[in-house]
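The values are calculated or read from the model by the stated rules, or taken from the named source; none is laboratory data. This is a predicted model, so every value here is computed, not measured. Using ideal geometry, Cβ is built from the backbone for each residue, glycine included, and neighbour counts are taken over all protein chains shown. For the accessible areas, the whole protein counts, side chains as well, though only heavy atoms, and no ligand, DNA or RNA atoms are used. Shrake-Rupley method; radii C 1.70, N 1.55, O 1.52, S 1.80 Å.
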Amino acid sequence: MLRPSSKQIVDAFEEIGRLKKEKNAVILAHYYQDPDIQDVADFVGDSLELARAAQRSTADLIVFAGVHFMAEGAKILNPSRKVVLPDLRAGCSLANSCPPDAFAALRARHPDHFVVSYINCSAAIKAQSDVICTSSNAKKIISKVPADRPILFAPDRNLGAWLEKETGRSMLLWQGACIVHETFSERKIAALQLEHPDAELIAHPECEATLLSKAAFVGSTSALLKHVIASPKQKFIVATEAGILHQMRRQAPGKELIAAPPNQDCACNDCPYMKLNTLDKLLSALRDETPELTMPEDLRRKAEAPLLRMLEWSQ
Ligand code: 13P
Ligand code: SF4
């Protein structure tokens, strides 16, 4: 795909600024979006920060530059506002790995379990959950689940296993995974660490357990960003989607950042779903107010309760 020229980018930014005012719109973007999208957004954050921003929003139109489950979250919290997504096909391998019927069948076999679902799931899974969590607040949320209730955690097996280790609470884990965070090559990372002994390995908890056990710091996208800014270290090997490096470079200039390499000779540390959104599609979504994210009201209500519980528990 051809990247737009600087003139095209400036023109698009101007048009986006004009349309935002005209329509009382807000652009929310995740850290995994293209740099241009992050730069034009009103707010850039991790999943929890974006859910909070969506909850606070008074805009008539929310343009959600992220993936489908994130835009769904904005709609669940803002039923009266219009939510558009630059590309409706921007899904998520983790959300896809948990089909609602199969999940309902597992729940039926474990009716005593308290269901904690990671926000990276569809509204239909949220609607079957007791509480939602993100990678930022997961430890806190788990600590608030009544001690006498066994926990069913979905859909990420890696985040789930990491939480079991961190909280000491064993959980029944749905076996879903993120294609991006399972792509990293531990052999190539080990070679990089030999080449850069002064670099610190930092990782997102969706990575596999063996990688996480070698990381000096594990956290959500914004926790990784804050760590790079605050740490006295100068060099980092970053094991998460490569889009976060843009904010790290902006907010921690002078620090050396090395994207953890994928197994294959590919750009597999770029999320193919996140990257379906482009500046051009964002401009069209804002201008034409489409594609719009909609959902049946009964589903929205069922998904809202565990999401609101998360926001309350993570205060
Ligand atoms: P964060 O909540 O850390 O932003 O993670 C979102 C995500 O999709 C990770 O793959
Ligand atoms: Fe889903 Fe993974 Fe992409 Fe995050 S990085 S949106 S978990 S596929």
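Figures for the structure shown
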| read-out | value |
| --- | --- |
| Among (1) within 16 Å of ligand 1 (Cβ to nearest atom); (2) under 17 Å from Met274 (Cβ atoms), the one test that Val63 misses | (1) |
| Region 33-62: number of residues that are over 16 Å from the mean Cα position of the chain (by Cα), open to solvent by less than 10 Å² (accessible area, probe 1.4 Å) and under 26 Å from Ser117 (Cβ atoms) | 1 |
| Filter result (in contact (Cβ under 8 Å) with a residue 60 or more places away in the chain, in contact with a Cys (Cβ under 7 Å, 6 or more places away or on another chain) and of a type outside the set (A, V, I, L, M)) within region 118-155 | Asn120, Pro155 |
| Of all residues in region 215-227 being farther than 23 Å from Ala267 by Cα and in contact with a strand residue (DSSP E or B) (Cβ under 6 Å, 6 or more places away or on another chain), the one that is surrounded by the most Cβ atoms within 10 Å (Cβ to Cβ) | His227 |
| Whichever residue in region 194-210 is under 18 Å from Ala242 (Cα atoms) and of a type outside the set (D, E, K, R) and, among such residues, is surrounded by the most Cβ atoms within 10 Å (Cβ to Cβ) | His204 |
| Some residue of region 96-110 being in contact with a Lys or Arg (Cβ under 7 Å, 6 or more places away or on another chain), closer than 27 Å to Leu77 by Cβ and of a type outside the set (Ser, Thr, Tyr) | no |
| Some residue of region 179-188 being open to solvent by 30 Å² or more (accessible area, probe 1.4 Å), part of a strand (DSSP E or B) and away from ligand 1 (no atom under 16 Å from the Cβ) | no |
| Residue among Ser93, Ser97, Ser5 that is surrounded by fewer than 23 Cβ atoms within 10 Å (Cβ to Cβ) and closer than 24 Å to Ala223 by Cα | Ser93 |
| Residue tally, condition among the hydrophobic types (A, V, I, L, M, F, W, C), in contact with a strand residue (DSSP E or B) (Cβ under 7 Å, 6 or more places away or on another chain), within 16 Å of ligand 2 (Cβ to nearest atom) and over 30 Å from Leu19 (Cβ atoms), over region 245-302 | 3 |
| Which listed residue is within 16 Å of ligand 1 (Cβ to nearest atom) and more than 27 Å from Ile132 (Cβ to Cβ), from Ala260, Ala252, Ala242 | Ala260 |
| Residue list for region 125-137, restricted to those being open to solvent by 30 Å² or more (accessible area, probe 1.4 Å) and closer than 17 Å to Ala104 by Cα | Gln128, Asp130 |
| Residue tally, condition more than 16 Å from ligand 2 (Cβ to nearest atom), among the charged types (D, E, K, R) and in contact (Cβ under 8 Å) with a residue 60 or more places away in the chain, over region 64-117 | 2 |
| Residues (surrounded by fewer than 24 Cβ atoms within 10 Å (Cβ to Cβ) and part of a helix (DSSP H, G or I)) located in region 138-157 | Lys139, Lys140, Ile141, Ile142, Ser143, Lys144, Arg157 |
| Residues of region 147-167 satisfying the condition of being within 18 Å of Gly219 (Cα to Cα) and among the basic types (Lys, Arg) | Arg157, Lys165 |
